[in-house]
1. Can you tell which of Ala111, Thr164, Leu296 lies farthest toward the positive end of the dipole of the chain, using +1 and -1 charges on the Cβ of basic and acidic side chains (Lys, Arg; Asp, Glu)?
2. What are the semi-axes of the equivalent ellipsoid of region 269-313, taken as the square roots of 5 times the eigenvalues of the Cα gyration tensor, listed largest first and rounded to whole Å?
3. What's the Cα-based Rg to Rh of region 147-295, Rh via Kirkwood?
4. For the peptides 52-60, 102-110, what is the packing order when you average, over each peptide's residues, the other Cβ atoms within 10 Å and list the highest mean first?
5. Just to check I understand the Karplus step: with θ = phi - 60° and J = 6.51 cos²θ - 1.76 cosθ + 1.60, what whole-Hz values come out for region 144-154, glycine and proline as x?
6. Using +1 at the Cβ of each Lys and Arg and -1 at the Cβ of each Asp and Glu in the chain, identify which of Cys220, Ser40, Tyr5 lies farthest towards the dipole's positive end.
7. Please turn the phi angles of region 244-251 into ³J(HN,Hα) values with the Karplus equation 6.51 cos²θ - 1.76 cosθ + 1.60 (θ = phi - 60°), one per residue in order, whole Hz, x for glycine and proline.
8. Measuring from the lowest to the highest alpha carbon on each principal axis, how far does the chain reach, largest first, in angstroms?
Amino acid sequence: MARVYNFSAGPSMLPEKVLATAAAEMMEYGTSGQSVMEMSHRSKEYDAIIKETEALLREVMNIPDNYKVLFLQGGASTQFAMMPLNLMNGSGKADFVITGQWANKAYQEAARYGEANVIASSKDKTFSYIPKLDPSTFTKDADYFHICVNNTIYGTKYNEFPDTGDVPLIGDISSCILSEPIDVSKFGMLYAGAQKNMAPAGLTIVIIREDLLGNVRDICPTMLNYQTHVDNDSMFNTPPCYCIYVAGLVLKWIKEDIGGLENMKAINEKKAKLLYDFLDNSKMFKGTVVPEDRSLMNVPFITGNEELDAKFVKEAKAAGFVNLKGHRSVGGMRASIYNAMPVEGVEKLVAFMAEFEKANS
Ligand SMILES: *Cc1c(COP(=O)(O)O)cnc(C)c1O
C-alpha cells in the first residue's frame, strides 16, 4: 500500500483510522450480517447510527438545544436556494459579503427570490482578504445576513463574525466545519457540504435555530423545506446513509483520538504555521492572502512564474504530494490541509518545497 499525501480541496483525505474501521466493518456491521451500505434506513441498526452521529455532532460542536441538526443531500450548493426559499419570508431582503465564488453563488441564487444586497466585497484584490464591515451599512430588516466563513478557493477566513443584531447570521462552513470550535449561538444557521472535512461526498449538514423554521414560502418544494426534514428526523426520504455513518466515525475520531475541537484547532494551527512560516521566508514561493485573514485549511501560494508552478506541481505529484494545483481563478498552487492531513504531511511538503527552491534558483 502506498498512500499519498492528498492536498485536494474536496473531496479530501479522511483519517486512516476511520478508513480502517469502515473497511473492517464493510462486510458486516456489528452482528447485523450486512454492510451499512446495504442496510435499510428504517432498520434498528441504522436508527442507532444516525442518532449517535447527531449526538456526537451536537457534543463535539457544542450545539445548543434550540438548534435542529439536519442530514441532507444536494451539497452546500442546494443551500444557496433553500436559504431564500425558507428564510426570505419577512422583508424579502438579505445581506451578503462577497469573499469569493461560493459567497457570490449564495448571493446570486438569493437574488432570484428577493432583494439581495452586497454589503462588501473583496473582489478588487482577487478575494485575498476579508473586507472590514460597518454595521451601519447592514439592512436593518433583512431576513438573514450571509457569510462564507472559510473561503476554500482563495484561502481566507473570518476571525471575527459581523454583529448583525437581530438579523440571523448564516455561515457557510463547508471547508472549516470541525476544524476549530465555533460559537453556534452567534448564528441563525450554519451549513456545510461534508466532503471537505467530515465525510465522503453526498452529505450536507444544516444546523438551524428553531425560531427560523415554519415560515416557509408557498412555492418551496417539499424536499427543499427545512421543516419537512425536521419533522421526519432527516428521514423524509432515504438519507445519505453511508456518508452519515462515516461522519459518525470521523466525529468519534475527533472526540476520542484528538480530544475535541480545541485540540483539533491546535493541530491545525501547527500545520498552517509550518506552511505559512515557510512561505513568508521563501524567496521563490509566496502566499496570496494578507496574514491576518489566512485560512487554517486552504493555503494558496504562487511562484509568480507559471512554468515554474507547473514544474512544481508535476514534481510534487511524482514525490507523493498530490492535488496541489491551484484553482484556475488564482493560479499557482493550493495546499488544502484539512483535519485528516497529518502534521508529518505538511512537514514533508515544506521540506520538498525547500529542496525544490534550492534546485531551481
Ligand atoms: C465546496 C464548497 C461549496 C460547494 O459545495 P457542494 O457540496 O459541492 O455543493 C460551497 N461552499 C464552500 C465554502 C465550499 O468549500
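Derivation of every value follows stated rules applied to the coordinates shown; laboratory data play no part. What you see is a predicted model; the values in this text were computed from it and never measured. So basically every Cβ, Gly included, is an ideal-geometry build from the backbone, and we count neighbours across all protein chains shown.
1. Value: Leu296.
2. Listed largest to smallest, the semi-axes of region 269-313 are 20, 10, 10 Å.
3. Values: Rg = 17.9 Å, Rh = 17.6 Å.
Ratio value, two decimals: 1.02.
4. On the way: 52-60: 18.2, 102-110: 20.8.
Order by mean packing, descending: 102-110, 52-60.
5. 6, 10, 10, 10, 9, 5, 10, 9, 4, 7, 9
6. The Cα lying farthest towards the positive end belongs to Tyr5.
7. Per-residue couplings from phi come out as 5, 4, 5, 4, x, 5, 5, 5 Hz.
8. 63, 59, 30
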